[in-house]
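These notes are about the structure you will find just below.
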Amino acid sequence: SSDFFADKYLQNQHWVITAGPTREAIDPVRYISNHSSGKMGYAIAHAALRAGAKVTLISGPVDIAAPTGCELIQVISAEQMHKQALTYAPQATTFVACAAVADYRVADIASEKIKKDSDVMQISLIKNHDIVADVAQLAQKPFIVGFAAETQNVEQYARGKLMRKNLDLIAANDVAKAGQGFNSNDNALTVFSAIDKIEIPLANKHIVAKQLVSLINQHYLLKHT
Ligand code: CTP
Ligand code: CA
């Protein structure tokens, strides 16, 4: 296979990647979620594996198959993803937070199916833990890459998240632009470090992932050598 000739430049690295959406239960039959397909996170996992890394993929519910050779940890809710991320991240060289984590969970999950008794109803929500920010607080912390899906002020919001969450890199995508981001097969990223700004042009998510994995490794090596 073409793998025989691939450069295994990540041979001694362990990547932990979060991917997909999370689901926040309302009652036994309903949930709150988002349009994340998991394609970008799974493409990053695939590219890191091809480059020789050990890969742990912590994934919310998606319709796609995990790449062969990765360790797949399946979760449903944001709090489950948080727990698994904090379990695996201390052993990782690199942590990539690609998941579209629900920002809030339902305060009181109904134990029985909610009936349509009233014309108006309200659901109280509580903020979930910030997974990537908590990984960045670990004493034993990996090289950390976040994502930022924005519809406006992309650079300003992405740089804000980079600094506030104490990340090494953040990959921003403008989800308001047609043909990229949530659920699309293509993506374009602008990757920010504290000092750099690198554009990865619009292409299939597998091509973008390959370039992003190489870019992450370059910055990882800069920090560790
Ligand atoms: N993230 C996370 N845990 C959360 C929320 C977000 O790990 N509870 C991660 C995402 O995986 C992504 C980054 O934080 O890598 C930014 O997510 P985003 O939704 O863009 O930012 P938020 O901090 O949630 O802010 P907002 O949604 O208000 O823009
Ligand atoms: Ca969010």
message: Quick test for you: out of Leu212, Leu162, Leu222, Leu167, pick the one residue that is under 20 Å from Val16 (Cα atoms) and loosely packed, with under 13 Cβ neighbours inside 10 Å.
response: Leu222
message: Against the definition (of a type in the set (A, V, I, L, M), surrounded by 16 or more Cβ atoms within 10 Å (Cβ to Cβ) and closer than 27 Å to Gln137 by Cβ), how does Ile26 come out, yes or no?
response: no
query: From the list Ala65, Ala92, which residue is of a type in the set (A, V, I, L, M) and open to solvent by less than 20 Å² (accessible area, probe 1.4 Å)?
result: Ala92
statement: Within the range 109-133, restricting to residues that are acidic (Asp, Glu) and farther than 14 Å from Thr22 by Cβ, the one that is most open to solvent (accessible area, probe 1.4 Å) is Asp119
All positions within the range 121-144 that are within 16 Å of ligand 2 (Cβ to nearest atom) and not in a loop (DSSP other than H, G, I, E, B): Leu125, Ile126, Lys127, Ile131, Val132, Ala133, Asp134, Val135
query: Is one or more of the residues making up the range 1-22 open to solvent by less than 70 Å² (accessible area, probe 1.4 Å), away from ligand 1 (no atom under 16 Å from the Cβ) and in contact with a Ser or Thr (Cβ under 7 Å, 6 or more places away or on another chain)?
result: yes
query: Can you find a residue in the range 182-189 that is within 16 Å of ligand 2 (Cβ to nearest atom) and within 14 Å of the chain's Cα centre (by Cα)?
result: yes
statement: Of (1) farther than 19 Å from Phe95 by Cα; (2) not in a loop (DSSP other than H, G, I, E, B), Ala178 fails just (2)
- prompt: How many residues does the range 81-104 contain that are more than 10 Å from ligand 1 (Cβ to nearest atom) and in contact with a Ser or Thr (Cβ under 8 Å, 6 or more places away or on another chain)?
  reply: 2
Strands (runs of 3 or more DSSP E) fully within the range 6-118 counting 2 or more residues that are closer than 21 Å to Val191 by Cα and of a type in the set (A, V, I, L, M): 14-19, 94-97
Test for Ala149: is it within 14 Å of ligand 2 (Cβ to nearest atom), in a strand (DSSP E or B) and open to solvent by less than 100 Å² (accessible area, probe 1.4 Å): yes
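Only residues that are in a loop (DSSP other than H, G, I, E, B) and either surrounded by 18 or more Cβ atoms within 10 Å (Cβ to Cβ) or in contact with a Pro (Cβ under 7 Å, 6 or more places away or on another chain) (or both): list them for the range 181-192, please.
Gly181, Ser184
Of the residues Gln122, Gln152, Gln156, which is without any contact (Cβ under 8 Å) to a residue 12 or more places away in the chain, of a type outside the set (D, E, K, R) and within 12 Å of ligand 1 (Cβ to nearest atom)?
Gln156
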task: State whether one or more residues within the range 98-108 are modelled with pLDDT of 95 or more, open to solvent by 20 Å² or more (accessible area, probe 1.4 Å) and more than 16 Å from ligand 2 (Cβ to nearest atom).
output: yes
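The values are calculated or read from the model by the stated rules, or taken from the named source; none is laboratory data. Being a predicted model, the structure only gives us computed values, none of them experimental. When we count neighbours, we look across all protein chains shown, and the Cβ atoms used for this are built from the backbone with ideal geometry, even at glycine. Note: accessible area is taken over every heavy atom of the protein model, side chains too, but ligands, DNA and RNA are not part of it. Shrake-Rupley method; radii C 1.70, N 1.55, O 1.52, S 1.80 Å.
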